[in-house]
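Q: Would you mind keeping the following structure in view while I ask a few things?
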Amino acid sequence: MIRKISAIILCALFAASCSNSSSTKPGKSDTSAVMQIETKSLSTSRDDIHEGTPLQIQFSGEEFYTATPELISAIVSNIVSKSEEINPEVYETSEMRQKYKELVSNYKFDEYDIKFRFSKHRDILFSRKENVFHFEGENRLYKVYGDNSRLLMRLVFDNGNNTIKYMGESKMVLGLHEGDIDGDSILEKVSLEQGSGLSLKVDDKEFVIAKEINWQISPYRTVIEPPTLRIVLPKNSRHFKIVVTIVWATNKIGSTVEMWVFDYRKKQIVKMLEVPADTHELDITTKYMGDHTVKVEIPQFKEVSLVKFNKEEFIFPEMKLKNETKWLKELFDGKNKVFASSHTSYGVKDLDEDGYDELVTCRGVYTGLMNLGLCRMYTVYRIAPKEIIPIKVIIEGNVNDRLLQNDIMDTIMHNGKIKLSGGKINDNRLIYRFQEDVINALDAMVRDKQLIKGIDGYYINLNGE
């Protein structure tokens, strides 16, 4: 007989069990004939479990409940995606290696607290006490990073329909703006709200940017810059645009930018641009010119740059087997022999002193070989009343000191220009550099029509003249 238990009582029970796992008798792995049907053909990969994968959940040997889409998304984001296979040999300290060796060797693989049954996958058996799980029938353990007790305490059961749903997290307002953003002389309230996901709201209208986002700080940070809200006015328009950005940590050392630009017209939120989804791939042509110098050209923007790389930074076995020049020509000569990475940083600044902001993003340019980063590329977008238009690409390279050019472009992305005061550089980001080196690099970029020099500073040359 199905027991009628109220949602409030169940939530209280789960709160207690999260603090003391022994208060709930562990389940035993189901060995019935029905559960064993075609088990070997079921997947044991976490990579193909996603928000749309149907899920049933069983708690401590009780009946299965069907999870709602919101709960599936929360489970995937907070448990499955936040996991890492335990390999004791990779931990840095002997104490950690010994700890996880003992965990694996003493683990009771036939016991569990929660069973997740994703469609076309073997059952996942999860232990709250150890915060680990494994696929039924396997002895590989996966450590879940972060505290998921709040997730488990916000579950609501519907015994009549045999379903279980997620109440969701309370939302935190990350950005707030009040003003007339659509030119109708009526003030609107714009807010960016973060719970388990991320939403943009204008008055009573809501645009869900992401249902679930994997916010975490362990084993490493996933977010470098939290979600940020900006209001930008295009030239020749009374309709403001809404810019939302997040900068993610990538591969523990890099970064990846996500950006959304929204319009608010006729009381509706409309997405105009999403980076990287809506950014077009560029045709990049390269040619090896000798002396470890590569000519990089982007015909769409008439951008050409000579990039010199340091041979000593890259050790290629192929170079020892072939003529070096011939090998480098094979590597570089042609169209799309290199590719642009994800967007790694960005700026929302007035880059040409016309009183209106532009968007600019930075990407790395790489060959098909691992670790051969050739240069960086900057793309400038104009925010027009009805569209976001890429108008300029700058390829670093025609400056001897590439790190200095990186600092110059990063400064412009964040400040809009390189400031001059009395003919000298007046910018904290470049204050540690020799003035003569900075001026020489800036003047070289002016000659290449990448920058223009004004009375009070250097700016990006958006016209290319």
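Q: Whole Å is fine, so just give me how far the alpha carbon centre of segment 39-118 lies from that of segment 402-465.
A: After rounding, the separation between the Cα centres reads 52 Å.
Q: For K326, put the label point 7 Å out on the Cα→Cβ axis and report which residues of segment 273-293 keep their amide N under 15 Å from it.
A: Hits in segment 273-293 for K326 at 15 Å: none.
Q: Let me ask another. Just to confirm a number: summing +1 for Lys and Arg and -1 for Asp and Glu over residues other than D333 whose beta-carbon lies under 10 angstrom from that of D333, what do you get?
A: +4
Q: Now, a different point. Do the alpha carbons of any pairs in K295/K424; K171/K386; K235/K417; K241/K271; K241/K449 sit beyond 21 Å of each other, and which pairs?
A: K295/K424; K171/K386; K241/K449
Q: Still on this model: In whole angstrom, note down how far apart the Cα centers of segment 143-199 and segment 335-349 are.
A: 32
Q: Now for a separate question. For I209, which sequence-distant residues (separation of 5 or more, or a different chain) have an amide H within less than 5 Å of its own amide H, given hydrogens modelled in the peptide plane?
A: Distant-sequence amide H within range of I209: L198, S199, L200.
Q: According to a simple spin-label model (label point 7 Å from Cα along Cα-to-Cβ), what is the distance in nm between N106 and L233?
A: For L233 paired with N106, the spin-label model returns 6.7 nm.
Q: For segment 67-158, what is the charge dipole size about the Cα centre, in debye to the nearest 20, if Lys and Arg each add +1 at the Cβ and Asp and Glu each add -1 at the Cβ?
A: For segment 67-158, the charge dipole is close to 140 debye.
Q: Can you give the extra length, in nm with one decimal, that the chain gains between I391 and H177 once fully stretched, where that is 0.36 nm per residue apart less the Cα-Cα distance?
A: Stretched fully, the I391-H177 segment lengthens by 74.2 nm.
Q: Which trypsin sites (Lys or Arg not before Pro) in segment 358-437 sit in a loop by DSSP (not H, G, I, E or B) and have at most 16 other Cβ atoms within 10 Å of their own Cβ?
A: Those that pass, being in a loop and sparsely packed, are K386.
Q: If I take R0 = 35 Å and measure r between the Cβ atoms of E85 and A277 in this structure, what FRET efficiency does the formula 1/(1 + (r/R0)^6) give, to the nearest 0.05? Write down the numbers at each step before the final one.
A: Numbers: r = 30 Å, r/R0 = 0.85.
With R0 = 35 Å, the Cβ-Cβ based efficiency is 0.70.
Q: Can you tell me, using C-alpha contacts under 8 Å and at least 6 residues apart, the relative contact order of segment 327-465 as a whole percent?
A: Normalised by residue count, the contact order of segment 327-465 is 18 percent.
Q: Excluding same-chain residues fewer than 8 positions from K329, which aspartates and glutamates have a Cα within less than 13 Å of its Cα?
A: D291, E318
Coordinate-derived values only; no laboratory data. Bear in mind that the values here come from a model prediction, so they are computed numbers and not experimental data. Counting neighbours? That spans all protein chains shown, and the Cβs are built from the backbone with ideal geometry, glycine included.
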